[in-house]
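Everything on this sheet refers to the single structure shown next.
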Amino acid sequence: MDIGIGRVALVTGGARGIGRAVAMKLAAPDTAIVFTHVNPSSPGAAETLALLKDRTGAAEAQCWAAEDSVAAQRHIEDIVSRYGRLDVLVNNAGLTRDNLSVRLSDEDWRAVLEANLFGAFACSRPAAKVMMKQRRGRIINLSSVVAFSGNPGQANYCASKAGLVGLTKSMALELASRGVTVNAVAPGFIATDMTSKLDEKLRESFVGRIPAGRFGSPEDVAEVVAFLAGDGAAYVTGQTIHVNGGLYL
């Protein structure tokens, strides 16, 4: 284990958006941040790595898909072999393939469930084994407001994010006695690359539905993730914390 590294965090999908904000928020001089991405040609991973360089004890970008269970197992074992521990897992990686249910293909249904739901499980399974031995750990799953409200054209995405809530509760019950907490965060409309592409009128209509009067920022979500990852949340497990400006109560 590197001298001076007292905490190790793995953030899936950390090249941009919420994942990047989470990695930045968890960064500290005594912390190693490892984040994943799936596009080796995208500049996002290099940008995140550069931002982390002077803010954390160690930083790594790894290119692999969360839903690749063999890769997840291998890379988590490698992280533990080099740093001696894994303290925080943030399951953030995911994708969307939107369409009305009657037009949704088998391929798009399976791809979204694989990435968003199975990917979280594939990473949580080996991480949980490590954390159980340590008798300490934090697993945090990124769900969504639409897991609770539904959303036309996103049956696959909504199902995957709702599934994460069930996974969170079940694993929380299984791991609580070993000092491992498992929680979920459900963002609402967040200002990311995805929402920046919305038509201005559509964007204004969404903002009009939010009591807080604005889209959230990735940092708003990262603050809650950081709380759940910290010592102050040791007695919080199996919960879903909504970060949506009052959009869903």
### Message
Considering only the stretch 217-240, I want to know if a residue exists there that is at pLDDT below 95, of a type in the set (A, V, I, L, M) and open to solvent by 20 Å² or more (accessible area, probe 1.4 Å).
### Response
no
### Task
Check THR36, THR12, THR48, THR31 and return the single one that is touching an Asp or Glu at 6+ places or on another chain (Cβ under 9 Å) and of a type in the set (Ser, Thr, Tyr).
THR31
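For (1) part of a helix (DSSP H, G or I); (2) open to solvent by 10 Å² or more (accessible area, probe 1.4 Å); (3) hydroxyl-bearing (Ser, Thr, Tyr); (4) over 24 Å from VAL236 (Cα atoms), each residue gets a yes or a no:
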| position | (1), (2), (3), (4) |
| --- | --- |
| ASP78 | yes, yes, no, yes |
| ALA93 | no, yes, no, no |
| ARG125 | yes, yes, no, no |
| VAL130 | yes, yes, no, no |
| ILE139 | no, no, no, no |
| ALA159 | yes, yes, no, yes |
| VAL165 | yes, yes, no, no |
### Query
ALA58 versus (1) within 18 Å of ALA120 (Cα to Cα); (2) in contact (Cβ under 8 Å) with a residue 40 or more places away in the chain: which is the lone unmet condition?
(1)
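Each row is one residue, and each column tells you yes or no for (1) over 26 Å from GLY6 (Cα atoms); (2) touching a helix residue (DSSP H, G or I) at 6+ places or on another chain (Cβ under 6 Å).
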{"site": "GLY137", "(1), (2)": "no, yes"}
{"site": "ILE140", "(1), (2)": "no, yes"}
{"site": "ALA155", "(1), (2)": "yes, yes"}
{"site": "ARG178", "(1), (2)": "no, yes"}
{"site": "THR192", "(1), (2)": "yes, yes"}
{"site": "GLY208", "(1), (2)": "yes, no"}
{"site": "ARG214", "(1), (2)": "yes, no"}
{"site": "VAL221", "(1), (2)": "no, yes"}
{"site": "VAL225", "(1), (2)": "no, yes"}
### Query
Which of the residues that make up the stretch 192-209 are open to solvent by less than 70 Å² (accessible area, probe 1.4 Å) and touching a Gly at 6+ places or on another chain (Cβ under 7 Å)?
THR192, VAL207
### Message
Checking the conditions here, which among ARG74, ARG85, ARG103, ARG135 is touching a residue at least 24 places away in the same chain (Cβ under 8 Å) and open to solvent by 70 Å² or more (accessible area, probe 1.4 Å)?
### Response
ARG135
### Query
Can you tell which of PHE148, PHE189 is within 16 Å of the chain's Cα centre (by Cα), touching a residue at least 12 places away in the same chain (Cβ under 8 Å) and open to solvent by 40 Å² or more (accessible area, probe 1.4 Å)?
PHE189
### Task
Determine the pairs where a residue that is under 13 Å from ASN92 (Cα atoms) and open to solvent by 10 Å² or more (accessible area, probe 1.4 Å), located within the stretch 5-32, has a partner that is part of a strand (DSSP E or B) and modelled with pLDDT of 95 or more with Cβ atoms under 6 Å apart, the partner being 6 or more residues away or on another chain.
ALA15/HIS37
### Task
Output the residues belonging to the stretch 167-178 that are open to solvent by 40 Å² or more (accessible area, probe 1.4 Å) and farther than 15 Å from ARG136 by Cβ.
LYS169, SER170, LEU173, GLU174
### Message
Looking only at residues that are open to solvent by 10 Å² or more (accessible area, probe 1.4 Å) and among the polar types (S, T, N, Q) in the stretch 33-45, which one is modelled with the highest pLDDT?
### Response
ASN39
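The values are calculated or read from the model by the stated rules, or taken from the named source; none is laboratory data. Because the structure is predicted, anything quoted here is derived from the model rather than measured. Ideal geometry is used to build each Cβ from the backbone, glycine not excepted, and the neighbour counts take in all protein chains shown. Remember, those area values only see protein heavy atoms, side chains included, never the ligands or the DNA or RNA. Shrake-Rupley method; radii C 1.70, N 1.55, O 1.52, S 1.80 Å.
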